[in-house]
1. Run down B:794, B:831 and say which single residue is surrounded by 20 or more Cβ atoms within 10 Å (Cβ to Cβ) and either away from every other protein chain (no Cβ under 14 Å) or touching a Lys or Arg at 6+ places or on another chain (Cβ under 6 Å) (or both).
2. Given the conditions (1) surrounded by fewer than 20 Cβ atoms within 10 Å (Cβ to Cβ); (2) more than 14 Å from chain B (Cβ to nearest Cβ); (3) over 21 Å from the mean Cα position of the chain (by Cα); (4) under 23 Å from residue A:253 (Cα atoms), and given that residue A:209 satisfies all but one, which numbered condition is not satisfied?
3. Taking only pairs six or more apart or across chains, which ones have beta-carbon atoms under 6 Å, a first residue in the stretch B:359-380 that is assigned by TED's automatic domain parsing to the domain that holds residue B:466 and under 19 Å from residue B:735 (Cα atoms), and a second residue that is surrounded by fewer than 20 Cβ atoms within 10 Å (Cβ to Cβ) and modelled with pLDDT under 90?
4. Looking at A:95, A:35, which is the one that is within 8 Å of chain B (Cβ to nearest Cβ), out of contact with any Leu (no Cβ under 8 Å at 6 or more places or on another chain) and farther than 24 Å from residue A:450 by Cβ?
5. Please note which strands (runs of 3 or more DSSP E) are completely contained in the stretch A:227-271 and include at least 3 residues that are surrounded by 17 or more Cβ atoms within 10 Å (Cβ to Cβ), free of Cβ contacts under 8 Å to residues at least 12 places away in the same chain and within 23 Å of the chain's Cα centre (by Cα).
6. Restricting to the stretch B:317-353, and then to whatever is polar (S, T, N, Q) and touching a strand residue (DSSP E or B) at 6+ places or on another chain (Cβ under 8 Å), can you tell me which residue is modelled with the lowest pLDDT?
7. Please verify whether residue B:660 is surrounded by fewer than 21 Cβ atoms within 10 Å (Cβ to Cβ) and either part of a loop (DSSP other than H, G, I, E, B) or within 12 Å of chain A (Cβ to nearest Cβ) (or both), treating the condition exactly as stated.
8. Looking for something more than 14 Å from every other protein chain (Cβ to nearest Cβ), in contact (Cβ under 8 Å) with a residue 60 or more places away in the chain and closer than 26 Å to residue B:868 by Cβ - is there at least one such residue anywhere in the stretch A:155-163?
Amino acid sequence: MNRQMRFGIRMAAGGVTVVGLAAVVSAALLVEPPSYRAIADPVSVTPEAADQVRVCPGSLLEVGQDASAATALTELGTATIASSTSDGESIEDTSLTAPDVGPDASGPTVLTLPAGTGTMGASQIQSVGTDTIAGLAAAECQESSSDMWFVAGSTDVGRTSLVMLNNPTGVDATVDIEVAGENGAVDSQTGLDVLVEAGTQKAVSLAGIAPNTVTPVVHVTSTGTDIQAWVQQSSIRGLVPAGVEVAGRSAAPSENVTIPGVQVYKGQPEIDTQEYDDRRPSLRLYAPGDTATHVTATVRDEAGDEVSTIVVDVAAGAVGEYPLADVKPGRYSIQIEASGPVVAAARTSVAADKSGDFAWFAAADTLDAPFVVDAASGPGRTLVVHNPGTDAATVTIGDDEVTIDPGASKTHQLKGPVTVTPDAPVTAAVNYTGSSAVSAYVVTAPKPASEPIDVTVR
Amino acid sequence: MDTRVTALVVAHRDVEHLRRTLDALDAQTRRADAVVAIAFDASDEVRQLFEERHVDRLVTTREQLTFGGALAEGERTLDDPRGDDDFLWLLAQDNAPREDALGLLLARFETAPSAAVAGPKLVDWNDDSRLRGIGETVTTRGTTVPFVEDQLDQGQYDTLSDVLAVGSPGMLVRRTVWRDVGGFDPALGPIDDGLDFCIRARLTGKRVVLAPGAVVAVSGDGIAGAPRSRRWRVKQRRARLARTAELHRRLVYAPRVWMVLHWLLLVPLAIVRSVGLLIRKQPELIAAEFRAAAWVAFGGTRVVTARRRLAAAKEVGWSSLANLKMSGRELARRKRLEREDGVPIGSVERGDLRFFTGGGAWIILAALVVGGILFVKFVPASTLAGGGLLPLSGDVRELWQNIGYGWRSVGDGFVGAADPFAVVLALMGTLTFWHPSSAIVILWILALPFAALTGWFAATRLTERSGYRNLAAIAWTLSPTFLIALAEGRPAAVIAHILLPLLFSAGVVASRSWGAAAAASLLLALVAACAPSLVPALLVLWLVALVASRARFGRVLFIPAPLIALFGPLVWQQGVEGGRWFALLADPGKPLASPDVTVTDLLLGLPQSGYGGWQETASDLGLASLWVTNGVPVLVGLVALVGLVGLFLPGARRGIGLWAIAALGFATAVVDTHIAVTFVGAEATTVWPGTALSLVWLGLVGAAVSACDSLRTRGWIPAIVAGVAVAVVAAPAVLMVPLGHGAVTSSDGRTLPAYVTAAAADEPGLGTLRITPGDDGAIVATVIRGDGEFLDRQSTLVNTGSLLADENGDLAQLTGNIVSVSGHAFAPDLQKQGIEFVLLAPTPDSASDEAKAVAARAETALDANDELENVGVTDVGTLWRTADAVDGREPGDVRSAGTVLSLAALILMTLIALLVAIPTTSSREAARMSPRTVGSRYAREGMVVRDVPDDHGFLADPDAEAEPEWADVVSLPGVDPVSEVPSSEPEDTADREEDARE
């Protein structure tokens, strides 16, 4: 009996245990126990507003004006600066030194607006007329950046391009200049690790980096601090100067690129040959990367109607320049859609008896905050505001309130500084149209105020 | 003149004993002339009995009196003694004399006129043939030595005549001597009162004699003579009284100068003796030791009065007692004889461990080889990094400074409790004191053999069969959660897995052995330090053990003491002050994200999804995933099935216990996955369930092994099935590290760029602000002081966010501005914080777009900052330094009461546990006598009978049978001192044994 009882108790205990275990397991599978999760409360830090600093390109430079010093740079006069703010705050202006040019060089201007609620707009303009360089060059004074694309320049025969690197900060910058041409990327060590010291301007000849490149695209990256750069291109045909332009940066590579305010001038130069001529109105495209990119460029007029379309496949890593054929004189905007990121700019020329000029129209980033346009006085200065979006935009230009249809552009004759307030992202450019002096620049936004950022301290 | 005997009978409460005593008094051949009864705090029945028996005088009192005190009360009521022939017979309620006792005692006085005290032979109340006392003496140093405590009466002491002292029960004393000497010392209780009286009587020049023919039966009530009950409280009281008496007599008998010295040494001596008690595994007597020392030191025994009493009656010098005292050598010889008497001939003790012969050593060796092959790339490494591994501080001194409550130099630095894990790391680092980080490398390489070793030893508690022990070792080593912890770099989990079987093996026998309980307490503290999430489950198991140990709960009660001392500061700061009780369960060490896991994975004993690596392996090998999703649960189920079968076999009790452990572990694992308290960056991550799964594995493997053991020889099939199942489940996990899926790599021990460590070598307080972009576009800022992050400086107070590392938000503002284009002036802030370097952690390619955007923003802003110079890109990120030199922040040196208190408590607990855990000869003997396995179906499993020892050498020792030398000196005329020299006996015995064998 004792053994049987022990056996029975053992079976019962075993059975109870198995049932208990099964209960635990099923409870775990079916019941969701309450969870406890600790929450970190990060501190949301709104960075203090920084001063707005806009750098101007400075006066036009000529290489080898004196034949005995073929690589020396000479300043050609001084540029006229125009700047104003939206709320009337005063702007400090300082200049950079230009040791390449010389100890007496006036150097580019740096405009500083102390941190506040206002915004600043500034630009410079310079007109030269020497035997070797003649034309009108206008450029916006822009905030610095670390990564810039310049779809401009040429190191063909008779074309001189300079890359001007302006460092307005207190930290030295190390700049890499990479050039891609019509045959692909140009492998050159000369443009790498260019040291631009704090508060100086350095001008680098593009011919030293990419000689004999007809359609270069310049990519400037800086480490150490942000700088501002321009590509100064001057052209001479035989003995006749054919124009000068200071080209600003294009929008960063993207699959949707807008070029506002492209003006095809009335006095188009006569071109007999079918071969490449850089006086033709053209669109220069470059797709950084390894794959060929399919690009559709739509040329629209001021009303937003489609005038012409260019559909091309841009080879990987090579720059392509495509003529804007059958486009009558007027003001247009070019909308580019690509299968991969591209950079683009358009160039048109004007011809006169003895000289000519050309203008580069860079791709523009959208502006959605109120901005100030202060174009230095020059012939035919016009502000063009273009709506790249799909909905109509209402824009207040100075005192006028206008509505811009999708794809359309609005022009406004400038008589002085004007504040533009858009209610939707728009692009804007300023055009100068003279009889033989043309120039253009894209209006860029100030560096965005840093967004508040959540910081957790551990 | 006529002799006149007055019997003084002292009674308390025991009526039955008193009745027999009074009957014996009535039955005396030479009756006492008067009987005076003293009843102190007596019950009514005692008083009634006295009244019935018509005692000549009855003195009652309500106080609790000692024997001496009661006798004094009684003696006071008597008239003055007429002369030398008046005697007092001292009896307690449980001293029943034989009829001729008084006659024989008086006869002794006739033959020895100079005798003052005569004592009878004391025998057991119930058994006449057992001697309970016959005379006492002291050693030269003063320790009481009774000649007999419990021996068979074979007449061996019947020839004793003069002794130094006799015990108080049944003592016959001349009344004049009683008056001269002043009676018993009232401070001495039932212990040593007779001894002290007899010594003082001898110091007046009188003699103390024995009358071995007079027999008095004693029961050990505790009135006259030490109480003999075996109850715990009585044992404590006896120890305390004995020690009090010894100390009191030491102070009273010593010359004045020595008395002062002895008095000063009382308490220090008590401390030293307590340490000895700890080593002898008798910690329950420590209280008695201290109480006795305190009582005597603060005058409770009235030493001065006793000295005065002694000096008043003393007539001869102490040297007259010298011959009667026992030398130390003699005492040692007596003790040796006693011990040898106690050795059983032909004992039953536990069998051999069979570590080498049973294959355990081979398993360890195999594990060593496998571990070496798997981790061969770590062998030349000096430090390991990756996963949750960081280097240890370079200096052993720094390691030990990082424990307890004090300055924590992590982050901004604060005063707080360190993790208990820092103690484990300090211990490990001290083992390789030349380069503490090597300890972790060695741990990784030797992890598999260690796990096999501890698993094997734990299995010795469950089974005696080598095959099943080997199964347990293999299964414990190939635990998937252990292998995953090794691959992922979780040092705390690896150590916990290695130590858990040792905790099991010590804990199951804790109730029967102080050494095991102390070892279990230390191991519990270490395991809990490595895995705080196991503490609730372990405490539940402790409570169960407490209940199961019933009467012997004292040892089990001690077990959590070091744990409490170790966790005290952290529990205080995190729980009591901060109220964040869940944060106490956080894993220690470097915060590491716990991967997602479902309840099904936990059921399979896996701490992450992927079936322990089988899913990846299956897809690599091209197997259908159906094989994996069904196969792995089936394999684990097989092991569980073997364990479940054991529930229905004999020996099921331990199976139930082991399954309870597994269930507790599983519940802990499930709860762990729902508690997220540790912050990795800005997100809270759950407690890693792997350590709880180690507990589950312990229960599972233990149940399987005990089931196989219950099946005895037929269990080899389930054992092999279980072993193969475990090996198959663990196969991909084993190969994780060699195939490169593990996160652990060898490193050079730097967590910050070399530029920073070089600068910090001169100024250790320099700070580096490390900015890590998070996946949601937020950033995490950490300040690292000195030359890098170290594992022993990690603190759960910071990692669980309990301690605000940045109270007024200064650091957050600084960081937020420094990663943005901002007009903030940084130099003064950086100077104030003592930060010279800014490190931007690299963003992996798999990071989200927001993280990359924040990283780009930060890099641009930091580059453009003219107060910072870009030093360059290092493998831990991009480094900037301030343009101006910055002074580092000195570490705070806050020593508060908390630091000292917590450290003192920790050291005290650890020392106590270590002392009790040290094995002594007697504790090893006791352990040998007990079975090694626990709870098996046969209670004496594994016990073997030792051969009968050879007695030749024992009996041939002439010393063994010789009388002590002092007996030659003291002898009565006419009685020869006994002197035997064993001559021909050894050969006879040997012949007889050989005959018996043939």
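The values are calculated or read from the model by the stated rules, or taken from the named source; none is laboratory data. Just so you know, these numbers come straight off a predicted model, no measurement behind them. No Cβ is skipped: glycine too gets one built from the backbone with ideal geometry, and neighbour counts run over all protein chains shown.
1. Details: B:831 fails: surrounded by 20 or more Cβ atoms within 10 Å (Cβ to Cβ).
Checking each option against the conditions leaves just B:794.
2. (1)
3. Final answer for the pair search is B:374/B:738; B:378/B:746.
4. A:35
5. Numbers: elements: A:228-237, A:240-247, A:254-264.
In the stretch A:227-271, there are no strands (runs of 3 or more DSSP E) which contain 3 or more residues that are surrounded by 17 or more Cβ atoms within 10 Å (Cβ to Cβ), free of Cβ contacts under 8 Å to residues at least 12 places away in the same chain and within 23 Å of the chain's Cα centre (by Cα).
6. Applying the first criterion (polar (S, T, N, Q)) to the stretch B:317-353 yields B:319-320, B:323, B:327, B:347.
Imposing the further condition that a residue be touching a strand residue (DSSP E or B) at 6+ places or on another chain (Cβ under 8 Å) reduces the set to B:327, B:347.
Details: B:327: 86, B:347: 64.
Filtering first and then ranking leaves B:347.
7. Numbers: surrounded by fewer than 21 Cβ atoms within 10 Å (Cβ to Cβ): yes; either part of a loop (DSSP other than H, G, I, E, B) or within 12 Å of chain A (Cβ to nearest Cβ) (or both): yes.
Taking the combined requirement at face value, the residue satisfies it.
8. Within the stretch A:155-163, the subset more than 14 Å from every other protein chain (Cβ to nearest Cβ) is A:155-163.
Subset that is in contact (Cβ under 8 Å) with a residue 60 or more places away in the chain: A:155-156, A:158-163.
Filter once more, keeping what is closer than 26 Å to residue B:868 by Cβ: none.
No: zero hits.
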